[in-house]
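The next block holds one structure in the form of structure tokens; read it before the comments.
Read-outs: derived from the displayed coordinates by stated rules, not from any lab. In this text the structure is predicted, and so the values were computed from the model without any measurement. No Cβ is skipped: glycine too gets one built from the backbone with ideal geometry, and neighbour counts run over all protein chains shown.
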Amino acid sequence: MYAAKHRGHSSQQQQQQHVDEAVMGGVANGHGHRPAAPRPAPRRAKLKILLVVIATNLVSVYLFSGASLSVHLPASAPRIHLWDSAALMRDLNATRAALAGARAELAALRAQCNASSHLLESVLAGLGAVHGDAPEARDFGGWPEEPTGELKLAIEPHRLPLGFHANFGTDELFPGLGFACRNFQDELAQYMAYDAGAECPDDDALALQLTLKGCEPLPRRRCRARSPAGYVEPAPLPRSLWSVPPDTTVRWAPYTCKNYTCLVRRARARGGAYFCKDCFDLEGKERRRWQADNGGPGFSIDSVLRSRAPGTVRIGLDIGGGTGTFAARMRERNVTVVTTTLDLDAPFNRFVASRGLVPLQITLMQRLPFADGVLDIVHSMNALSNWVPNAVLEAALFDIYRVLRPGGVFWLDHFFCLGPQLNATYVPIFDRVGFRRLRWKAGRKLDLGAERNEWYVSALLEKPMT
């Protein structure tokens, strides 16, 4: 050991001596501030490095090109493939299965943690009661008291019987319930107060009021909807398109009128603030709609269809379509149109269905229940106008743009506004959405006097192809 130390010490002395000689030599030559220049590498070593780099790149290109690298061995020897897609797929599937199992275990652990948390809360509450502590106010997710019965089933999540589902990304299903329902909890509790398995209460008016207040969608109920007494089968197509159905197809309790005759007479009565008052008179003004370009601010159906390639307008949506006359006219031209409408003091949805058309009860605040880019045409007459808040209108227009396919058209029909609003407010909104104008007509509404400066605008707007 001493010898090893001595040899190490001697080696260090020799190295120090060489360094001192080098420094002294440098000083003697006047270049003490410059280190000794490195010896140049042999040219053959550089060439070997270059060949190794080239060979490595060639192998990388060969492997990642998708080819298989096989060694030429005898026929009896197994072939080795370094790029085996089948093996990679097996590994990927095994990884997916392991990930799904891990998610299921995580969901089970979460359930156990929730149960432990509830148990701990119960123990702490019991200890607090023993010591005389005041109980803390419980949180019921925004409800004033803990929901029970059918309301509890309607608003709380439900655990999946088979546990975590990869498609859902969860182990629970949450009921669809409008966020605004929390603002009208008394009315919602009343709506959900029924006998499960029995006939539903006669509360159509309550359901409509909740929907109009923004409680949309309403929760589903476990009761049987009432049917009209003495129900009669509807007329067959195409006669049903222009036939007023029998009164026995409707339960009239929620409405002011108690038969269709009363609704038809509204169109010819003076006064009365009724929604779509002449919509049920299929022999009057309703039958003449969209038949011709009359020089006013509207378009005819045929002129709109002629603006598209023949046969390319096949399915569409009519927003706020009343009793479905637009859909009926399109049905005569082999175009299927869904009509959104509301039962505002009249059975609009049943009337549309009796004509052999498809009604959809939905408000303007609700996202359209269609996938992106699936409709050829969307039409709206009077439903969109200056009564709608600007932010809501713009969101609705973007939603219409969403459901239209590239090249689909939005037919804005009789949009009502005041003169100063048109260019200052609404034209910028339409431009922001991104439609391309195909037709645009603006006309004065003069029935209440020119001094009111009221306008109607009709436009045919195309969603760009790219």
So which aspartates and glutamates can K277 reach, going by Cα to Cα under 20 Å and dropping same-chain residues fewer than 8 places off?
D247, E286, D318, D343, D345, D413, D447
Assuming R0 = 35 Å, what is the FRET efficiency of T256 and M365, from their Cβ-Cβ distance, to the nearest 0.05?
0.85
Going by the alpha-carbon gyration tensor, a ≥ b ≥ c the square roots of its eigenvalues, is the stretch 235-333 rounded (a/c under 1.5) or, if a/c is not under 1.5, prolate (a/b greater than b/c) versus oblate?
prolate
Project the alpha carbons of the stretch 403-466 onto their principal axes and report the range along each, largest first, in whole Å.
43, 20, 17
Cα gyration tensor category, rounded, prolate or oblate, for the stretch 141-194 with a/c compared to 1.5:
prolate
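Going by a ≥ b ≥ c, the root eigenvalues of the Cα gyration tensor, does the stretch 299-363 fall in the rounded group (a/c under 1.5), the prolate group (a/b larger than b/c) or the oblate group?
prolate
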Protection proxy ranking of 349-356, 187-194 - average other beta-carbon atoms within 10 Å, highest first:
349-356, 187-194
Looking only at the stretch 225-242, which residues have a backbone nitrogen under 12 Å from a spot 7 Å from the Cα of D195 in the C-beta direction?
none
For W440, the residues 5 or more places away or on another chain with a placed amide H closer than 5 Å to its own amide H are L460
Can you give me the distance in nm between label points at A309 and R287, each placed 7 Å from the Cα along the Cα-to-Cβ direction?
3.8 nm
Where Lys and Arg each count +1 and Asp and Glu each count -1, what net charge lies around M465 among other residues with Cβ under 14 Å from its Cβ?
+2
So which trypsin sites (Lys or Arg not before Pro) in the stretch 263-309 are both in a DSSP loop and have at most 13 other Cβ atoms within 10 Å of their Cβ?
R268, R270
Multiply the residue gap between A55 and A391 by 0.36 nm, knock off their C-alpha separation, and tell me the result in nm, one decimal place.
114.6 nm
For R270, what is the net charge nearby, where nearby means another residue's Cβ is under 13 Å from its Cβ and Lys, Arg count +1, Asp, Glu -1?
+3
What order, most packed first, do the peptides 88-99, 418-429 have when packing is the mean number of other Cβ atoms within 10 Å of each residue?
418-429, 88-99
Each label sits 7 Å from Cα toward the beta-carbon; between T336 and A180 the label points are separated, in nm, by 3.1 nm
Could you compute the net charge surrounding G373? Neighbours are other residues with a C-beta less than 12 Å from the C-beta of G373; K and R count +1, D and E count -1.
+1
